[in-house]
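Participant: This structure is in structure tokens; I'll ask about it shortly.
The values are calculated or read from the model by the stated rules, or taken from the named source; none is laboratory data. What you see is a predicted model; the values in this text were computed from it and never measured. Glycine also receives a Cβ, built like all others from the backbone with ideal geometry; neighbour counts cover every protein chain displayed.
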Amino acid sequence: MSVSGAYQLSRKGVLRFHDEGYLGPFRICPPEQMAVSCDRIEREVLTTDGPNKNSRLHARHLDCRVVFDLCTSAAILDRVASVLGADLVLWSSNFFNKNPGDGESPWHQDINYWPIDPPVNVSAWIAIDDVTVENSCVRLIPGSHRKLVPHVLTASESLFAGLGEKADPAFVDASKAINMELKPGEFFLFSERLLHQSEPNRSNKRRMGLSVRLTVPFVKIYHGQPPLFPGHKVIVVRGEDKLGLNESAPPPVD
Ligand SMILES: O=C(O)CCC(=O)C(=O)O
């Protein structure tokens, strides 16, 4: 079956994703257009409660149309469909908002924290702000998705304090890391097993990104299990869900 769409990946692109565990950067929109979305995010997301009572930054695609529209832009979905197939489920999203002086996100593999089975996911990390080495862009290790590494307890001051664990440093070769610097409106794709991190924000500029989590209908999502929450639902964003394994919701209205 071929997957169509203006942004679908070539066979070479798909194989590269499997080989390296990430792809990009790509572009959703120019910086001027992202500035308009950013204004709405500041007004409609950062200052209001969302569906997860523990975090205003989590799963806001469920209640804010501006977030849903970013998560489901054709530039993302066409490419993810090239990897996962024509039926796609949006099961989570998270803003990673680092103000000047905020701490690191330690090295980790996302699947360590997630209540999904089997472990199939492609993430898109979207730059809302200008993202540079100075304001703590995401760093990743190409090819590191090929091996699951043990995770150990982490210090409470990191951005990941809530999750409590980081990759065991003995299993991380940071000398192979690359920096994902992005302009507002750009994004990259990565596997649920790719090792990634970000340094403390040592600049005087905010660094806000939005991570989008996409999977397929045969993956069971354990809705009430942390970091998910009671009332959590998925949204079918491409094709159809013939299995009905998960609780699903319609897209939010504007
Ligand atoms: O933005 C960050 O610092 C971390 C992002 C991350 O861990 C993710 O998107 O999975």
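Participant: Being surrounded by 18 or more Cβ atoms within 10 Å (Cβ to Cβ) and not in a strand (DSSP E or B) is the requirement here; does SER55 meet it? Write out each step before concluding.
Facilitator: Details: surrounded by 18 or more Cβ atoms within 10 Å (Cβ to Cβ): no; not in a strand (DSSP E or B): yes.
Criteria not met by SER55.
Participant: Pairs please, first residue from segment 223-238 and more than 30 Å from GLY5 (Cα to Cα), second anywhere and among the polar types (S, T, N, Q) and assigned to a strand (DSSP E or B), Cβ atoms under 9 Å, 6+ apart in sequence or on different chains.
Facilitator: PRO227/SER92; PRO227/ASN94; LEU228/SER92
Participant: LEU189: assigned to a loop (DSSP other than H, G, I, E, B) and at pLDDT 95 or above, yes or no?
Facilitator: Answer is no for this residue.
Participant: Something else: Tell me which residues, restricted to segment 6-28, are in contact with a strand residue (DSSP E or B) (Cβ under 9 Å, 6 or more places away or on another chain) and either of a type in the set (S, T, N, Q) or assigned to a loop (DSSP other than H, G, I, E, B) (or both).
Facilitator: TYR7, LEU9, GLY21, ILE28
Participant: Give me the pairs, please: first residue somewhere in segment 73-84 and of a type in the set (Lys, Arg), second residue anywhere and not in a loop (DSSP other than H, G, I, E, B), beta-carbon distance under 8 Å, and either six or more positions apart or on two chains.
Facilitator: ARG79/GLY13; ARG79/LEU23; ARG79/PHE26; ARG79/LEU189
Participant: In this structure, does VAL133 turn out to be of a type in the set (Val, Ile, Thr), more than 10 Å from the ligand (Cβ to nearest atom) and more than 15 Å from ILE235 (Cβ to Cβ)?
Facilitator: Yes; evaluated as a whole, the condition is true for this residue.
Participant: Something else about it: When you scan segment 64-87, do you find a residue that is at pLDDT below 95 and away from the ligand (no atom under 15 Å from the Cβ), even just one?
Facilitator: No, segment 64-87 contains no residue that is at pLDDT below 95 and away from the ligand (no atom under 15 Å from the Cβ).
Participant: To continue, here is another question. Filter segment 96-117 down to residues that are of a type in the set (A, V, I, L, M) and either near the ligand (Cβ under 10 Å from one of its atoms) or not in a strand (DSSP E or B) (or both), then give me how many there are.
Facilitator: 1
Participant: If PHE160 satisfies all but one of (1) within 14 Å of the ligand (Cβ to nearest atom); (2) at pLDDT 95 or above; (3) under 27 Å from LEU84 (Cβ atoms); (4) not in a helix (DSSP H, G or I), what's the number of the condition it fails?
Facilitator: (2)
Participant: Counting just the residues of segment 11-63 that are more than 19 Å from GLY209 (Cβ to Cβ) and basic (Lys, Arg), which one comes out modelled with the lowest pLDDT?
Facilitator: Step one: list which residues in segment 11-63 are more than 19 Å from GLY209 (Cβ to Cβ), which gives 11-20, 48-49, 51, 53-54, 63.
Then drop every residue that is not basic (Lys, Arg), which leaves 11-12, 16, 53.
Working: ARG11: 97, LYS12: 98, ARG16: 98, LYS53: 94.
Going through the qualifying residues, I end up with LYS53.
Participant: Scan segment 188-214 for residues that are closer than 21 Å to LEU84 by Cβ, among the polar types (S, T, N, Q) and more than 9 Å from the ligand (Cβ to nearest atom) and report the count.
Facilitator: 1
Participant: Something else now. Can you find a residue that is without any contact (Cβ under 8 Å) to a residue 24 or more places away in the chain and over 26 Å from GLU199 (Cα atoms) anywhere in segment 26-41? Show your work before the answer.
Facilitator: The initial filter retains those residues of segment 26-41 that are without any contact (Cβ under 8 Å) to a residue 24 or more places away in the chain, namely 32, 36, 39.
Going one step further and asking which of them are over 26 Å from GLU199 (Cα atoms), we end up with 32, 36.
Yes, some residue in segment 26-41 is without any contact (Cβ under 8 Å) to a residue 24 or more places away in the chain and over 26 Å from GLU199 (Cα atoms).
Participant: Suppose the filter is surrounded by 15 or more Cβ atoms within 10 Å (Cβ to Cβ), at pLDDT below 95, over 21 Å from ASN246 (Cα atoms) and among the β-branched types (Val, Ile, Thr); does VAL3 pass it?
Facilitator: yes
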